[in-house]
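Below is one structure; the comments refer to it alone.
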Amino acid sequence: MSPARDLDGHRYDVIVVGAGWAGSLVAKRLGSQGWRVLVLEAGTTTLDTWPGHLDAMNTFYSSLIKVPNAPYRANTAAPSPSVLDTVPHKGVHRYQSVGYLVQEGPLPYGTDYLRAGGGTGMHWLGLTPRMLPQDFKVRTEFGYGRDWPIGYDDLQHWYCEAEREIGVAGDAAEQTREIGLPFPEGYVFPMHEIPSSYVDRVMAEHLDGKTVVDPGTDEPVELRVVNTPHGRNSTPNQAYDGGRGFRPQDAVGLPNYGERCVGNASCTPICPVQAKYNPLKTQAQWSRKVTLIDRAVVSRVLVADNGRVTGVEYQAYDDPATPVATTRTVEADVVVVAAHAIESARLLLASELANSSDQVGRNLMDHPVMLAWGLMPHQVGPFRGPGSTSAFERFRMGESRKEHAPWRLVIANWGWTWAAGSPGSDVAEMLGIPETPFQQRKKALYGVPLRERLGDRIGRQIAFQFELEQDAQPGNRVTIDRRHRDALGNCRPILSYDLSDHVKKGMQAAMGVSHQIFDLLGAEERTAYQADAPSYFEYEGTGYAFNGAGHGCGTHVMGDDRRTSVVDQWQRSWDHANLYLVGCGSMPSIGTSNPSLTMSALALRSVERIHQDLTELHRPLVLRPAPAPEYAHPTEARP
Amino acid sequence: MTVRDPLTGLTGFTDIKTPLAEIEQPPFEIPRTVPKLRYFLQAALALEFLTIPPYLTAMYTIKPGANQEAWYALRAVVLEEMLHMTLVANMLNAVGGKPVVADPRFVTDYPAKLPYAKEQVPIALRGFGREAIRTGLWIERPEKMEDLPRTGKEPDPRGWTSIGQFYATIREGMRRLAEKQPDLFDGDLTRQVGPEDFYNSGGRAFPVTDLASALKAIELISEQGEGVPGSIYNPDERLFGQANELAHYFRFMEVHEERRYGPLDTPASGPTGPALPIDWTAAYRIDPQAKVADYPPDSEVRLAAEHFNQVYARLLWLLDRSFNGEPKQLQAAIPVMLELRDLAAQLYANPHPDPARAAKGVHASATFEITQAELLAAKKQLDTGAGATALLASLA
């Protein structure tokens, strides 16, 4: 029997919905402050043992397509979407969604997430760039999207705290010099930067100091390869924390393990040696005040007549393969929903809560990724080191944002893996295996010639990931409909997703920049977008295709007006004073930064407020001498 | 050659026919001068290194995916031996010595005789199996320690009886010398390998700067192997604030007995916890006395075995540099260790080139042999910038 069934009617100080990244951080901090925290996880929690980790590794090794959710086992009670669910289709749209997500928009939302202990943070790439100060006011400065109610300065302290929790490796001085990021005086990251890959150094050799023209603005942009901050073990910086240094967290489930990154290059979906941060490392630091209950799918947040939430209703199940559950409730003074942007919105919609602004589920954002790939004339040694270690950063900022969406030009270090399924697709091609079983097999290479050809091809592969900022659009949204339910009877998320012209213009400009870069490199460009790709669209006569980045954001948007936003600057629901919605869903704009770091900073900032709320609730009554009674004590005779 | 196995009472290791190589052991006495102490520490460095190839061989001959518990037990032990070697280098540097690693005399031939012991125990490069685990048990055995050497003009004639006794002797020598020479541990601090270069790998390295840190290093080395006296656990919980972990001897015992220790078990009780199933057949069978010369000249196996030893020589240089003023070279050493892992795996997966032996199921193996010529070639390779730097230069 699942222990989740035993909790019925229990009471805690805080319930956290979701044992993913944000929830793990919130539980750690509140638990260490002494609050009794219950964390409810919809999925299973086997990944926090070493055999569980090895099982995920083996599942990954044996899977034919190495997508982000490939290492993690299916769960019919708490299903997760997969990027493989979006398939080509000839109909109203070019795509069809065949999995957990229902999709109805013009373009597919090509991103997955993971419902299991550790959450989607189990398969993040491990990059932790901060947002730029200008990213927080895109409406005011550049005329698109939504502004934040707070700015970079409000988050400065919390960015530093988040970098401590994650154990960020990077070069703060370079971030200031090349991107203009402000840091506290003398700040260094907990660890020295991850060494730039050989591919990065080749790029720098060819491109540093050269300029390309932004076709959207006709302005020149200088190229410079800049090392990216990582949530990944490198060399601890002895100067960190006023000279106290930094001690990297062990691997989860195996002591004395989890050393520096050794370059397995499978960061997404899984780091074999656990050099990469994952939320289970935070869970390993939880105090005894934190209780984790898995296989508990929260189906409703409960609310009292006075508008305060009282707890949650959840479905306890035993077997992930048998979607049979019993419904239970549990109570708390504060409820923190931290279940991923899409799942949190779905839960709020199902609970019919927090939505007086009609913004719940809206403003769904991701970083649409346009891939460009080619062959260098010489070996560049991809697959040595993390999936990416550097980027060109100048396209993220400046006045061009008024004309088109900005992007981070990420240098891929895993050849054409993402772009074309390398190296498997190269092997198939050289073995003459046709694309469909109905074609005849072509001439094949074997033995030494095959190895040599493969080594030559794969060793020269380069790819760029143009990760564009998507602006908040109310029409990009999550809804629910009673007709679409999962096996436990919970409403599945229905997505409607599209790209604005601002983003499409960004892709147009990015493609122009991409051609110039391949020219400067002397590389043979191989970029090709297939018209039958699910995400294919045409804009001003040119075809494009894009991928999702796994950066779901915006669905319980933060603002300074309760009429137009779901949460205030503390991620607290405007409608329910003791309900917090913590996660990327709160972000009104996402700039061109991978959002995990900013989400962590926001979560840690919210903890301070939650702690304050709880302290006020628990403040003991002060017993003062009673004022002189107007009448005698009840034991005495009244007049 | 026969050795009476303390576990079973049976005679073991009867397959080793050749004479055993012996590493140089200091005389049985307490080191009374700083040069003597450095000599003892250099011998300790060689002793720690001696254990690594046999343990790696046992680990890498496990067939892919099989015996994962045993694989991780061996891995944990190997990492701790690497930590011990690093800490010995730190001690040697602290007392003004210069660790020698890239030298053919530093690397023993196998099978070697178990040093600091009376018994003729062969330490051979054995494939994963009970004999390989028993070799580990011999090396790590916690023994009632015999007396330290008596002080006198001549070395004490009784001779070494255990590794624990050897380290206790070093400890005693350091303690006495530190009393007479307050500046004993004044070695160059930049030569110390610290936690920034070695962490989460069997523990963390720490600099040796005084008698206290040197004694802590010795305590760690002895107790990670043999356990805290009277216990099955190593001292990591006390020294590093980490979870309780079994000492090497008891890790090997778990694999040998195919059973885990329970929470109340002691050295005397043996493991009485849950079963730990081992598939002793899921390992490549190799010749524990294999030499490169066994393989026909110019055969693929011969070339692969030679290549392995060349990369091994490169690793020795990187370690030598790491312990001689360039601790950051450890970062370059780790990919070379992984390269050795992959090269070894290729050899073990390949049948022995001698058809008669191949028919008996014997596979080729990495021999961990080092010659002066190989070391010179490896040094030349490193000096001309093997790897990324040379490639980058060729682009310009």
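Any read-out appearing in this document is the output of simple, stated calculations on the displayed coordinates, not a laboratory observation. Values in this document were obtained by computation on a predicted structure and should not be read as measured data. Every residue, glycine among them, receives a Cβ derived from its backbone with ideal geometry; neighbour counts consider all protein chains shown.
Observations
- On Cα atoms only, tilt of A:501-521 relative to the major axis of chain A in degrees: 40
- The angle between the Cα long axis of helix A:447-459 and the main principal axis of chain A comes to about 60°, on a 0 to 90 degree scale.
- Each residue of segment A:199-215 was assigned a 3J(HN,Hα) from its phi angle through the Karplus expression (A = 6.51, B = -1.76, C = 1.60, θ = phi - 60°), giving 4, 4, 6, 5, 4, 4, 4, 7, 10, 4, x, 6, 10, 10, 9, 6, x Hz with x at Gly and Pro.
- Counting, for every residue in B:199-206, the Cβ atoms of other protein chains within 10 Å of its Cβ and taking the mean gives 5.
- For segment B:347-386: relative contact order, % (alpha-carbon pairs under 8 angstrom, 6 or more apart): 34
- In segment A:27-102, trypsin sites (Lys or Arg not before Pro) in a DSSP loop with at most 13 other beta-carbon atoms within 10 Å: A:Lys90
- Shielding by other protein chains, A:228-240, mean Cβ within 10 Å: 2
- Axial C-alpha extent at least 27 Å, average Kyte-Doolittle at least 0.5 - helices from chain B (DSSP): B:34-60, B:68-94, B:329-348
- Per residue, the average separation of C-alpha pairs within less than 8 Å and at least 6 apart gives chain A a relative contact order of 22 percent.
- In this rough spin-label picture, where each label sits 7 Å from Cα along the Cβ direction, the A:Gln285-A:Thr76 distance is 4.0 nm.
- Within-14-Å neighbourhood charge of A:Gln283 [Cβ basis; K, R +1; D, E -1]: 0
- In chain A, a dipole from Cβ-located charges (positive for Lys and Arg, negative for Asp and Glu) runs towards its positive end, and of A:Leu617, A:Gln156, A:Pro182 it is A:Leu617 whose Cα lies farthest in that direction.
- The equivalent ellipsoid that matches the C-alpha gyration tensor of segment A:211-292 spans semi-axes of 36, 17, 15 angstrom, in descending order.
- Axis angle, to the nearest 10 degrees, between helix A:152-166 and the longest C-alpha principal axis of chain A: 80 degrees.
- About the Cα centre, charge dipole magnitude for segment B:274-362 (Lys/Arg +1, Asp/Glu -1 at Cβ), debye: 140
- Of the peptides B:176-189, A:195-208, the ranking by mean beta-carbon count within 10 Å, highest at the top, reads A:195-208, B:176-189.
- Relative contact order for segment B:290-390, counting Cα pairs under 8 Å that sit 6 or more residues apart, in percent: 35
- A simple charge model with +1 on the Cβ of Lys and Arg, -1 on the Cβ of Asp and Glu and nothing else charged puts the dipole of segment B:121-243 at about 400 debye relative to its Cα centre.
- Taking only the Cα atoms of the protein assembly as shown, the radius of gyration and Dmax are 31.7, 120 Å.
- For chain A, the Cys residues with no second cysteine's beta carbon closer than 4.7 Å are A:Cys160, A:Cys261, A:Cys267, A:Cys271, A:Cys491.
- More than 17 Å apart - percent of Cα-Cα pairs taken over segment B:290-390: 55
- Rg/Rg_globular for segment A:345-467, with Rg_globular taken as 2.2 N^0.38 Å and Rg from C-alpha atoms: 1.57
- Descending Cα extents along the principal axes, segment B:309-351, whole Å: 42, 15, 9
- Segment B:25-132 shape via C-alpha gyration tensor axes, a/c threshold 1.5: prolate
- For the protein assembly as shown, the Cβ-based charge dipole about the Cα centre amounts to some 1160 debye (Lys, Arg positive; Asp, Glu negative; other atoms uncharged).
- Under 5 Å between amide hydrogens, built in the peptide plane, is the criterion, and for A:Ser535 it picks out A:Phe546 among residues at least 5 positions away or on other chains.
- Prolate/oblate/rounded call for segment B:273-336, Cα gyration tensor, a/c under 1.5 rounded: oblate
- With a cut-off of 14 Å between beta carbons, the residues surrounding A:Gly119 carry a summed charge of -3, where Lys and Arg count +1 and Asp and Glu -1.
- Per-residue average of Cβ from other chains inside 10 Å of A:241-248: 2
- Global form of segment A:257-311, assessed from the alpha-carbon gyration tensor, a/c cut-off 1.5: prolate
- Taking amide H atoms as placed 1.01 Å from N in the peptide plane, the amide H of A:Thr310 lies under 5 Å from those of A:Leu302, A:Val303, A:Ala304, each 5 or more residues away in sequence or on another chain.
- For segment B:3-287, fraction of C-alpha pairs farther apart than 33 Å, in %: 21
- Under-5 Å amide H pairs with A:Phe383, H placed in peptide plane, nonlocal only: A:Trp414, A:Gly415
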